[in-house]
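Structure first, then comments.
The values are calculated or read from the model by the stated rules, or taken from the named source; none is laboratory data. Treat the numbers as computed from the prediction; the structure is a model and nothing was measured. Reconstructed Cβ throughout: ideal geometry from the backbone, glycine too, with neighbour counts over all protein chains shown. Calculation scope for accessible area: heavy atoms of the full protein, side chains included, ligands and nucleic acids excluded. Shrake-Rupley method; radii C 1.70, N 1.55, O 1.52, S 1.80 Å.
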Amino acid sequence: MTLPIGRPAALLVVAPHPDDEAIGAYTLMTRLRRRGVRVAVLIVSDGAASHPNSTRWPPARLIRERQREARCVLRPIGVTRDAIRFLALPDGGLAGHDRAIRHAIARSLAALPHPVVALSPAMTDDHPDHRAVARAVRRQAGVRWRHYPVWPAGQRLRGGRPLHLSAQERLAKRHAIRRYRTQAGRITDDPTGFAMTRQQIAAFSRPQEWFAPA
C-alpha cells in the first residue's frame, strides 16, 4: 500500500473540533489501523460553539454529545476510547491557547512510538481555530508533520499528495461524517447554528484525502 506519508510507527491526528479528524484523515486512519499502526487523536476544542442559541442543546449537553459522536465514529476503525484525548478548550477561542495546545501535542507525541506522522489543519484554512492549531505545531526529532485541508470544503493544499479512495472507502467516510449528527442537521432549534450541507459533505468525502508537508 502506497501512502503519501511514508511508513510511520504511529499517527497522531490533531483536530480542532470533533469531526475534523474524520474529514481530514478518516481513510488514512482506517488503512493504518488495519496495518497495526498506532493511531491517536487529539481533539482540541470542546465543540460547544456550533449552536449558541439552542435551548435544547445547552453547552454541557452539546459537549458530551460531540465527544460521544467522536468515539462512535472512531471505534469501528479501531481507534478506541483510550486513544482519543479531548483537550476541551473553548470552541471559537483557540487563538488564545497556543501554550496549552503545544503542551498537549507534546504529551500526545511523547506517548507514541517513533517515527510518528502528525497531522494538523493548514495555516491557510478558513477557520481561525484551525489556523491556531496549525500555529501550535513545532518540529521535533522523529516527527513528520503534515497538513490536511478542511475549510473551504473540497480545497486542495499546494504541494500536497493524495491518498486515493475506493468507492467503498468514500461511502464509509461519508457515513462517518454524517454520524456527527449534531453538525449535520440534528439540532433544529437554533436557526443561526452550524450544519454541514449535502454539498459540503460530498466535498469532504471526495475521491482523495490530501496531505501536505507542514
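Observations, loosely collected:
- Sequence-ordered 3J(HN,Hα) estimates for region 12-20 from the Karplus curve with 6.51, -1.76 and 1.60 and θ = phi - 60° stand at 10, 9, 9, 10, x, 9, x, 2, 5 Hz, glycine and proline given as x.
- Gyration tensor analysis over the Cα atoms of the chain returns equivalent ellipsoid semi-axes of 25, 20, 16 Å (largest first, whole Å).
- Residues in region 1-157 average 42 Å² of solvent-accessible surface per residue, probe 1.4 Å, ligands and nucleic acids excluded.
- For Asn53 and Arg81, the difference between the fully extended length at 0.36 nm per residue and the C-alpha to C-alpha distance is 7.1 nm.
- Each Lys and Arg Cβ is given +1 and each Asp and Glu Cβ -1; about its Cα centre, the chain then shows a dipole of about 800 debye.
- R0 of 41 Å, Cβ-Cβ distance Gln140-Asp189: FRET efficiency to nearest 0.05: 0.35
- When both bridge partners sit in the chain, DSSP labels roughly 25% of those beta bridges antiparallel.
- Region 81-152 versus region 1-56: alpha-carbon centroid distance in Å: 11 Å
- Ranking His114, Ile84, Ser54 by how far each Cα lies toward the positive end of the dipole of the chain (charges on Cβ) leaves His114 at the top.
- Taking all Cα pairs closer than 8 Å and separated by 6 or more residues, the relative contact order of region 1-149 comes to 29 percent.
- Annotation for region 1-98: trypsin sites (Lys or Arg not before Pro) lying in DSSP loop with at most 13 further Cβ atoms inside 10 Å of their Cβ are Arg35, Arg56.
- Residues Ala202 and Gln168, FRET efficiency given R0 of 22 Å [Cβ-Cβ distance, rounded to 0.05]: 0.85
- Accessible surface of the chain, 1.4 Å probe: 50 percent of it comes from carbon and sulfur atoms.
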